[in-house]
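Student: Here it is: the structure, laid out below.
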Amino acid sequence: MKFTIVGCGNAALIHAAKLIEKGFQVAILKTSHYNDEFYNVIKSEGGFNVKDETQKGKRFFVLPSLITKNVEEAISFGDVLMVMTTTSQHERIAKLISPFVRDGQIITLIPGYLGSLIFNKIIDKKIIYSEWETTAYNGRIIDNMYVRISFYNPRNAISVLPKKYENDVLNIFSQGFDNTKYLRHNILESAIHNPNMIVHPIGLLFSASRVEKSKGEFWMYKEAFTPSVINVINKLDVEKNKILIAFGCQPLNYFEAAKWRNEDNLEKDALEVFQSFAESSNKGPSAVNHRYFTEDVPVGLALLISIGEVLGLDMSIPRAIKSLAYALLGKDYTSEERTIQKLLNKQNVTMRDIEEAIK
């Protein structure tokens, strides 16, 4: 199988590096003008340097088969298209690649937030979709010089649409990523288990003044999650898990789900695991106008709220977080929200409608 990584940011280059390290042919498609400086470097050099802290600081140089902004060339190259842009770009990316997608390709959204339903509306081809709740590896581009891989998840779960192809798709990804051996029940479970829509908005909401005063010297995972803030996370988890239970999915609170992904030893205390992960996390954010709000609230939390309301559930906590986030931003993102009604092109959505769409 050949892979095309759609995107050229931190996660995109990390996952490209791990696939190349495994011997796969990989194309990288740059879809924006953001951070063109590092793209120009890797384009001129034909590849990029990697420092992998998960392998005792192993250093290596990776050579993608293709590094390009040519959409047709990159999309034609891959059997598997891994979309690793922000989720708020899903509609734009689907329209961008649609003319060049062919029957039988696998399109993977990392993370998903039910973005498969957007791609499926726009792309009129026989496509298998996969959604991940988070990335298999974490890290970032350092000073436009190299890619640093700082953390990997011992367990990475994926979902597949249509569900009947889930074992075939899992087999492909398990060959590329050793930790990717687990399935979620469906793409809705992957969306609801996405940790970003919980921890990012809550952490940033209760640290807004600290973020603005620190002028870049803020470490959210180390600083933000005091006992009272954890109480808010746990309260939101109650509402989130009611949705999971209603659709026959596995309920897990945020910290238990994080332990399952982040820790080999599942006997450890979940909060201790989270604190250990926090110690390895990167600095930031440096401003309130950040994707932790601008992406994870109108895409993630708005989706959660809309599904919960279809079920008649109390969504007061996520609604409050959403309202306060928009107030802090000084902008109402309601018109840009991803809701189940928008995804299904139907105002009066029922639980049955959702079940049909995700099976």
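The values are calculated or read from the model by the stated rules, or taken from the named source; none is laboratory data. Here the structure is a predicted model, which means the values were calculated and not measured. Here the Cβ is made from the backbone with ideal geometry for all residues, glycine too, and neighbour counts use every protein chain on show. Just so you know, the surface numbers come from the protein's heavy atoms only, side chains and all, with ligands and any DNA or RNA stripped out. Shrake-Rupley method; radii C 1.70, N 1.55, O 1.52, S 1.80 Å.
Student: I need the full set of residues from the stretch 255-279 which are among the small types (Gly, Ala, Ser) and either open to solvent by 30 Å² or more (accessible area, probe 1.4 Å) or closer than 19 Å to residue 111 by Cα (or both), in order please.
Tutor: Just the residues of the stretch 255-279 that are among the small types (Gly, Ala, Ser), to begin with: 257-258, 270, 276, 278.
Selection gives 257, 258, 276.
Student: It is to be established whether one or more residues within the stretch 36-52 are touching a residue at least 24 places away in the same chain (Cβ under 8 Å), more than 21 Å from the chain's Cα centre (by Cα) and farther than 17 Å from residue 144 by Cα.
Tutor: Within the stretch 36-52, none of the residues are touching a residue at least 24 places away in the same chain (Cβ under 8 Å), more than 21 Å from the chain's Cα centre (by Cα) and farther than 17 Å from residue 144 by Cα.
Student: May I ask you to list pairs of residues, at least six apart or on different chains, whose Cβ atoms are under 7 Å apart, with the first in the stretch 96-108 being at pLDDT 95 or above and the second being among the hydroxyl-bearing types (Ser, Thr, Tyr)?
Tutor: If the second residue must be among the hydroxyl-bearing types (Ser, Thr, Tyr), the pairs left are 96/31; 100/76; 106/130; 107/129; 108/130.
Student: Have a look at 42, 20 and point out the one that is open to solvent by less than 60 Å² (accessible area, probe 1.4 Å), farther than 21 Å from residue 174 by Cβ and not in a loop (DSSP other than H, G, I, E, B). Walk me through how you get there before you give the answer.
Tutor: Working: 20 fails: farther than 21 Å from residue 174 by Cβ.
Going through 42, 20 in turn, just one is open to solvent by less than 60 Å² (accessible area, probe 1.4 Å), farther than 21 Å from residue 174 by Cβ and not in a loop (DSSP other than H, G, I, E, B): 42.
Student: Here's another thing I want to ask about it. Would the stretch 293-302 turn up any residue that is touching an Asp or Glu at 6+ places or on another chain (Cβ under 8 Å), assigned to a helix (DSSP H, G or I), open to solvent by 40 Å² or more (accessible area, probe 1.4 Å) and touching a residue at least 60 places away in the same chain (Cβ under 8 Å)? Don't jump to the end; show me each part of the working.
Tutor: Keep residues of the stretch 293-302 that are touching an Asp or Glu at 6+ places or on another chain (Cβ under 8 Å), which gives 298-299, 302.
Filter again for assigned to a helix (DSSP H, G or I), leaving 298-299, 302.
Filter once more, so that each one left must be open to solvent by 40 Å² or more (accessible area, probe 1.4 Å): none.
Within the stretch 293-302, not a single residue is touching an Asp or Glu at 6+ places or on another chain (Cβ under 8 Å), assigned to a helix (DSSP H, G or I), open to solvent by 40 Å² or more (accessible area, probe 1.4 Å) and touching a residue at least 60 places away in the same chain (Cβ under 8 Å).
Student: While we're looking at this one, here's another question. Could you check residue 88 against (1) free of Cβ contacts under 8 Å to residues at least 60 places away in the same chain; (2) assigned to a helix (DSSP H, G or I); (3) crowded, with 16+ Cβ neighbours inside 10 Å and say which number it fails?
Tutor: Condition not satisfied by residue 88: (1).
Student: Right, something else. If residue 210 passes every condition in (1) at pLDDT 95 or above; (2) closer than 22 Å to residue 339 by Cβ; (3) not hydroxyl-bearing (Ser, Thr, Tyr) but one, which one does it miss?
Tutor: (2)
Student: Among the numbered conditions (1) assigned to a helix (DSSP H, G or I); (2) over 26 Å from residue 85 (Cβ atoms), tell me where residue 267 comes up short.
Tutor: (1)
Student: Quick one: what pairs do we get from the stretch 309-334, first residue touching a residue at least 40 places away in the same chain (Cβ under 8 Å) and farther than 25 Å from residue 290 by Cβ, second open to solvent by 40 Å² or more (accessible area, probe 1.4 Å) and of a type in the set (A, V, I, L, M), C-beta under 6 Å, 6+ apart or different chains?
Tutor: 311/246
Student: When you scan the stretch 320-352, how many residues do you find that are part of a loop (DSSP other than H, G, I, E, B) and hydrophobic (A, V, I, L, M, F, W, C)?
Tutor: Residues of the stretch 320-352 that are part of a loop (DSSP other than H, G, I, E, B), as a first pass: 330-333, 337-339, 345-350.
If we keep only those that are hydrophobic (A, V, I, L, M, F, W, C) as well, we get 349.
Residues that pass the stated criteria total 1.
Student: Shifting gears a bit: Please list, ordered by first then second residue, the pairs with beta carbon atoms under 9 Å, 6 or more apart or interchain, first in the stretch 239-256 and more than 14 Å from residue 133 (Cβ to Cβ) and in contact (Cβ under 8 Å) with a residue 60 or more places away in the chain, second among the polar types (S, T, N, Q) and open to solvent by 30 Å² or more (accessible area, probe 1.4 Å).
Tutor: So the pair list comes out as 239/316.
Student: Sticking with this one: Only residues in the stretch 60-73 that are in contact (Cβ under 8 Å) with a residue 24 or more places away in the chain count as the first member; pair them with residues that are acidic (Asp, Glu) and in a helix (DSSP H, G or I), Cβ under 8 angstrom, at least 6 apart or cross-chain, and list the lot.
Tutor: Partner pairs satisfying both residue conditions: 60/21; 62/21; 66/73.
Student: Starting from residues that are among the charged types (D, E, K, R) and part of a loop (DSSP other than H, G, I, E, B), keep the ones in the stretch 141-181 and report whichever is farthest from residue 19 (Cα to Cα).
Tutor: Filtering the stretch 141-181 for residues that are among the charged types (D, E, K, R) and part of a loop (DSSP other than H, G, I, E, B), the one farthest from residue 19 (Cα to Cα) comes out as 143.
Student: Applying the selection to the stretch 142-156, what residues are within 20 Å of residue 42 (Cα to Cα) and crowded, with 21+ Cβ neighbours inside 10 Å?
Tutor: Listed by number, the residues that qualify are 147, 149.
Student: Let me ask something additional. Out of everything in the stretch 112-140 that is closer than 26 Å to residue 275 by Cβ and assigned to a strand (DSSP E or B), what residue ends up being most open to solvent (accessible area, probe 1.4 Å)?
Tutor: Step one: filter the stretch 112-140 for residues closer than 26 Å to residue 275 by Cβ, giving 132-140.
Cutting the leftovers down to assigned to a strand (DSSP E or B) gives us 132, 137-140.
Working: 132: 1, 137: 24, 138: 45, 139: 17, 140: 87 Å².
In this case the residue turns out to be 140.
Student: If only one of 307, 317 is at pLDDT 95 or above, out of contact with any Lys or Arg (no Cβ under 6 Å at 6 or more places or on another chain), over 23 Å from residue 182 (Cα atoms) and buried (at least 17 other Cβ atoms within 10 Å of the Cβ), which one is it? Spell out the reasoning first.
Tutor: Values: 317 fails: out of contact with any Lys or Arg (no Cβ under 6 Å at 6 or more places or on another chain).
Of the residues listed, the single one that is at pLDDT 95 or above, out of contact with any Lys or Arg (no Cβ under 6 Å at 6 or more places or on another chain), over 23 Å from residue 182 (Cα atoms) and buried (at least 17 other Cβ atoms within 10 Å of the Cβ) is 307.
Student: Give the residue, chosen from 289, 241, 231, 282, that is surrounded by fewer than 18 Cβ atoms within 10 Å (Cβ to Cβ), at pLDDT 95 or above and in a loop (DSSP other than H, G, I, E, B).
Tutor: Numbers: 241 fails: in a loop (DSSP other than H, G, I, E, B); 231 fails: in a loop (DSSP other than H, G, I, E, B); 282 fails: at pLDDT 95 or above.
Every option except 289 fails the conditions.
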